[in-house]
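Peer 1: Take this structure, written in structure tokens, and hold onto it; I'll ask about it next.
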Amino acid sequence: MKYKMSFTAGTLLFRESVIISDLYLETKDWSATKEKVITTNLLQSRTTSSSKRISTEAIGRLKCLNDDELDLLSIGEYQEQLEMVWLSICRQYPFIKDFAIEVIREKISIFSTQLNHEDFDVFFNNKLKWHEELEDIAETTRHKLRQVLFKMLVEANFINKDFTILLSTISPRVLNLIQKNSLDELLIYPVTESNLKGYLNG
């Protein structure tokens, strides 16, 4: 499977994702949702082109969630909403999912809490062996990808501004939804090893 690397179109897009999911749940029509977002400038973008770009990116991610997951994104507590947005991003972009599991999860498993730019660079270079599509990415774009990914992690409260990993727990309602789909998706969240084992064995 080829990696999609277009996530520089937006960072976490938390506010936008909640607004759009609310609107979608009224109609269950993505085309109508996108049209209304743009025509009414629901995202309060400065330009129409910006509104189109951001709504396209957010909707692409949200389409990766089922209706139950979108419901929780719409009505859930703040932390639950963050967890749903992150889930949508990881489903849309397997590159980010793999980074969360192979880099952040691995660090947590060895009791290391410091993330740095070199971790991204090593991960990216390792993936070059298996994903030829990454070879065409310019160095400047690669730096932008790293910048956006780290900003997503900060906005999701998974790392702080010093790139220290912030351990958390998973909401019971989020856990319930993920258990219905794939337990492997629990690995994308920065939870302790003991909590993770509890979730997997629960």
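Peer 1: Between Thr47 and Lys197, what length in nm is gained on full extension when 0.36 nm per residue of separation is reduced by their alpha carbon distance?
Peer 2: 49.3 nm
Peer 1: For Asp71 and Lys161, FRET efficiency with R0 = 30 Å and r from the beta-carbon atoms, rounded to 0.05?
Peer 2: It comes to 0.40.
Peer 1: OK, next. Pairs Lys129/Lys161; Lys34/Lys127; Lys129/Lys180; Lys97/Lys151; Lys52/Lys127; Lys52/Lys180: which are spaced more than 27 Å apart, C-alpha to C-alpha?
Peer 2: Too far apart for the 27 Å limit: Lys129/Lys161; Lys34/Lys127; Lys129/Lys180; Lys52/Lys127; Lys52/Lys180.
Peer 1: Can I ask one more? Give the separation of the Cα centroids, the stretch 1-28 to the stretch 164-202, in Å.
Peer 2: Using only Cα atoms to place each centre, the spacing works out to 22 Å.
Peer 1: If each of Lys127 and Cys64 carries a label point 7 Å out from its Cα toward its Cβ, how far apart are those two points in nm?
Peer 2: 1.1
Peer 1: Still on this structure, I have one more. Would you kindly state how much longer the chain becomes between Val103 and Leu183 on full extension, computed as 0.36 nm times their sequence separation minus their alpha carbon distance, in nm to one decimal?
Peer 2: Full-extension gain reported as 27.0 nm.
Peer 1: At 7 Å along Cα-to-Cβ for each site, give me the label-to-label distance between Thr39 and Thr27 in nm.
Peer 2: 0.7
Peer 1: Moving on. Per the helix-only calculation at 222 nm, which mean residue ellipticity applies to the chain, given -39500 (n - 2.57) for every DSSP H run of n ≥ 4 and division by its residues, nearest 500 deg cm²/dmol?
Peer 2: Mean residue ellipticity at 222 nm (helix-derived): -17500 deg cm²/dmol.
Peer 1: Of the heavy-atom accessible surface of the chain (probe 1.4 angstrom), what whole percent is carbon and sulfur?
Peer 2: Carbon with sulfur: 49 percent of the solvent-accessible area.
Peer 1: Can you list, largest first and rounded to whole Å, the semi-axes you get for the stretch 47-151 by taking the square root of 5 times each eigenvalue of its Cα gyration tensor?
Peer 2: Largest first, the stretch 47-151 gives 26, 20, 13 Å.
Peer 1: When ligands, DNA and RNA are left out and all protein chains stay put, how many square angstrom of accessible area per residue does the chain have with a 1.4 Å probe?
Peer 2: Spelled out: the 1.4 Å probe surface of the chain, per residue, equals 51 Å².
Peer 1: A further question on this structure: How big is D for the stretch 160-202, in µm² s⁻¹ as a whole number, if Stokes-Einstein is applied with the Kirkwood radius of its Cα pairs at 37 °C and 0.692 mPa s?
Peer 2: So the translational diffusion coefficient is about 297 µm²/s.
The values are calculated or read from the model by the stated rules, or taken from the named source; none is laboratory data. The model shown is predicted, which means the values in this text are computed figures rather than measured ones. Cβ atoms come from the backbone with ideal geometry, glycine included; neighbour counts cover every protein chain shown. What goes into the accessible areas is simple: the full protein's heavy atoms, side chains included, and nothing from ligands, DNA or RNA. Shrake-Rupley method; radii C 1.70, N 1.55, O 1.52, S 1.80 Å.
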